[in-house]
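The values are calculated or read from the model by the stated rules, or taken from the named source; none is laboratory data. These numbers come from a predicted model, not from an experiment. Every residue, glycine as well, gets a Cβ built from its backbone with ideal geometry; the counts of neighbours run over all protein chains shown. Side chains are part of the model used for accessible areas, which takes the heavy atoms of the whole protein and leaves out ligands, DNA and RNA. Shrake-Rupley method; radii C 1.70, N 1.55, O 1.52, S 1.80 Å.
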Amino acid sequence: QGQNFGRKLSLWSRLFKRHLSAEFARDAEVSARGAFFVVLLSVPLMMKPERFPIAKYVFDQHLYQSETVLYIVYSLSLTVGQTVYLIWCGMAGVGLCLLDVWAMYKLLPHSDLSDNTRFAIVAVNGMLFIAMMLGLNFNINAAIYGCSFFCIYWMDFLKEQSSMSSATASLEAAIQEMSSCLVGSLFCFLSVMLPFPLLAITQAKEEAAELVTTLSNTWHTIIRYYCTGSENVYRHQKMMHTVRGMEAKIQQLESLIDNAWWECLFSRRMRHSRRLLADLHMHLLEAYDCLQCLEQFVALEQFEEVHIQVAGALAPELEDVVRRSCRLLEVCAEVALDGCMDQEEQTLVSEASNAVEEASIRLTLRFLEAKAAVRLPGISMELLEEHSFCSGACTFARICVDFAGETVRFFTMREQAPLCSRLRSGFRKCVGPLFDRETIFSREKIHFFVRNWCAICAAMVLGYFGLGTVMDPYDAGVASVCALLLDRSGGSALTKNFARIQGVVVGTVLGQTTYTVFSRCDPINITVLCILLFIMAGLSFLIYFHSSTYMFVYFGFMLATFTTMNVVNMPCVDRGIVAKVVVFDKVLYCLLAAGIIWVMDTLSAPQSPSSLAHHDLVKMWERIEIAVRDLLNSETSKYSLPGNDIMNFIRTGTKLSMEAELEPRFWRQPWNNALYDQALLSATKFRVCIANLGYGLLAGGLSDKSLQEPHYAQLGHHMFSHKLQYVAKPRFFRRVAQLPGFAELAKMLLEEVAENKELLKIFVSDKPDELTELSEVNLVKWHARSDLWERRLDEFVRSELHSLGANGPGLEEGQTLEHDFCAQVSLMMTTVRSLMAALSDFRRAALCT
């Protein structure tokens, strides 16, 4: 029910077994659609023009050719929005290529230049065009299309530079290429539109509805677990699995919302829905951080008698707050899914928001009563987690109220932008990123440019002179294949190229063999050939879309490309003949191209994927160390939020770790992917803890009258809006940070972070068991420091914080635990405990693995 939202599945959905696995059914459906339109586009190419009128019309009008099928393979995606974007990028690449070709053919034949001068102009023009396509921030599809087709015309220029007699014929070929691009793009677009459109906005709505439901269920689960009288390990593990599984879905929702831009350009209601879904995504991310942080706080709970008494008394109020907040979030999510809101819904949302705020106030008052009942006023070690947990429930309620307020304001204050303004916005969206200096001059982009520009130019030189009797001069096949193998991610080039070669060899041999066996021009053979092409293309697409490892993704992509090309390369004949020379040439092109790319990748990036993954991890922990030092520093008044930086490091590290696991290790130790995942998990705990503390800092800033920062009133509590880069440390935080005991705790925490950073060398060590960081002396020291940490924390809370809490300011009318001084300080100390626990988790994992 979670994947299908309680709706009865259609016959079409059951055909792909959506009730068993929604993800596999989605990939299988797109693969079947793509394979069907590949066959539909290929049928005229399989027929003899002399016998079949439709084939004669296609050939006479020069509508398209066998390479047109590539446009479906390269541009097909899982949604309409992403497919339209890839089609647009492909057409832009082909258009730029043909524009340059047209200019050269128009200018050079009419100039009185010597052969050497003309050759130099052609060579420099080609190198500059390849540099432009690779250097600017074009989508990879635009670079592939533009460079691949340009290499063919570039070689024609170099071959015919002495006599430009074929300019007219080459221009006609260029025009036919654009015609093929349009036809192939049309069929690719139809594959995601028929029999019904696979809209990204629809999938985003489904993902959002599922996330809201999962969030509600998880909140109720964590409250039931926390308020019970004993710890249940199995329920805790299930809760952890559910919470951490939400992060991937939130990232997928962000991608779907971004892709849906292309679908909502001409629909006002869909634009409203997309805008509200983007707001919902930001609030879900905040709610997820809050929930994951509370899960870590729950892990610290010992379920003592005081906790049982307090949590049991708070259970009804906690359930009421979460129930009302989740209901408010569901109502606002329904409005976001519909893209419209009437007056009755506005009234309902306003009443529900008031009810949530009242429930938060009741929870606050009930918590204060429960504290008084156990005679633990102020700040105490026994109630640190209880303060933080109930404050987190109030934070979640505030997140839901914020989203409700933004939803109502959106429909009461919105203005309809004219079509020309939206088109200008779309133009800026497409063209603006091309000249983004930060991306162009980034290390990854420079590496991509150097290795691929050198590879294509080297392949052009090889093709110009030829390779003995194996490859004739003026052959652009290797350079064109180098362009087809463009890849933004570096890393394990050897593994990737092996997968590509496998796809090329298998696809070429399979396609050629299938064509030869069923190449006769009778209806039965053509029908069988179409069925086999549908099966082969569909399975290739399925491998490409559904694979979880890079190796199979590259294999499936090249298999789909070369299988379809070899089946439709020639029309049917009366007698099938295996074109062994053609098979050899295509395999040779791929081998030479893969070899050139591997050499250039090795020369331009001597670091292996494992070294890059280790480097990314070190930089991430250096950022964490800086963030912790700035956070605990009593002399700084503002705190820079590191959440986005750490999140980017985690995403990059995840990709690099997958590549490192596939790289050939030779004499080195096998890549410890499990330990690397644990290091990323510890960093994730750091991120969510600091983010949750950031919410507390911002809440404290809003209630601190000494802070009059204008961005507080403008942005509310949004921590990931990219507009809010820092928060000012409120008074309660500065008071705690200035205490002598806190300085000692901060020093111990920073020492632990530095120790963990030194432990990262385990990933590049040839003998990790012999590391001094894992020696018996260090193990004893770790254990002693862990005991010392617990004692110092207990002493600090019971002495300095207890007296500080007794003299702390009270709550004003209408405020919740988010603004309570004792709750804010308890959240601060619980976060510090969670950070230390995350460090210990990584060390234990290092010892176990």
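For the range 789-796, putting each phi into the Karplus relation 6.51 cos²θ - 1.76 cosθ + 1.60 with θ = phi - 60° gives couplings of 4, 4, 5, 5, 5, 5, 5, 5 Hz, in residue order, rounded to whole numbers and with x for Gly and Pro.
Residue-wise HN-Hα couplings along the range 308-322, as the Karplus relation 6.51 cos²θ - 1.76 cosθ + 1.60 with θ = phi - 60° gives them from phi, are 4, 5, 6, 5, x, 6, 8, 4, x, 5, 4, 4, 5, 4, 5 Hz; Gly and Pro carry x. Residues of the range 759-790 with an amide N closer than 19 Å to a point placed 7 Å from the Cα of His615 along the Cα-to-Cβ direction: 760-766. Roughly what angle does helix 115-135 make with the longest principal axis of the chain, taking Cα atoms, 0 to 90 degrees, to the nearest 10? So the inclination is approximately 30 degrees.
Considering the options Ala248, Thr221, Val322, tell which one lies farthest towards the positive end of the dipole of the range 205-343, charges being +1 on Lys and Arg and -1 on Asp and Glu at the Cβ, about the Cα centre. Most positive-ward Cα: Ala248.
Average projection, convex hull of the Cα set of the range 201-287: 5.7 square nanometres. Residue by residue, the range 462-469 carries 3J(HN,Hα) couplings of 4, x, 5, 8, x, 9, x, 8 Hz when phi is fed to the Karplus relation 6.51 cos²θ - 1.76 cosθ + 1.60 (θ = phi - 60°); x denotes Gly or Pro. Taking a quarter of the surface of the Cα convex hull of the range 434-494 gives a mean projected area of 5.1 nm².
Of all segments of the chain bounded by GluC sites (Glu not before Pro) found in a DSSP loop with no more than 12 other C-beta atoms within 10 Å, the longest spans 51-303. Per-residue ellipticity at 222 nm computed for the chain from its helices equals -25500 deg cm²/dmol, with DSSP H segments shorter than 4 residues left out and the rest contributing -39,500 (n - 2.57).
Volume per residue of the convex hull around the Cα atoms, evaluated for the range 474-568, comes out as 97 Å³. P(r) tail for the range 765-807: Cα pairs beyond 15 Å make up 61% of the total. Using 0.36 nm per residue and subtracting the Cα-Cα separation, the extra length available between Ala674 and Lys17 on full extension is 233.3 nm. In this structure, the residue pairs whose Cα-Cα separation is over 21 Å, taken from Lys445/Lys619; Lys496/Lys655; Lys445/Lys496; Lys445/Lys685, are Lys445/Lys685. A 1.4 Å probe over all protein chains sorts Thr412, Thr564 by accessible area into Thr412, Thr564, starting with the largest. The alpha-carbon positions of the chain define a convex hull whose volume is 192 Å³ per residue.
Extension gain for Ala837-Leu467 works out to 127.0 nm (0.36 nm per residue, less the C-alpha to C-alpha distance). Shape of the range 744-849 from the C-alpha gyration tensor: prolate (a/c of 1.5 or more and a/b above b/c, with a ≥ b ≥ c the square roots of its eigenvalues).
Sparse packing (at most 15 other Cβ atoms within 10 Å of the Cβ) combined with a DSSP loop state is found for the following chymotrypsin sites (Phe, Trp or Tyr not before Pro) in the range 237-326: Phe266, Phe303.
Here Ala299 and Arg437 are evaluated by their C-beta separation; at R0 = 35 Å the FRET efficiency comes out at 0.20. Across the options Leu434, Cys848, Cys689, the greatest Cα extent toward the positive end of the charge dipole of the chain (unit charges at beta carbon of Lys, Arg, Asp, Glu) belongs to Leu434.
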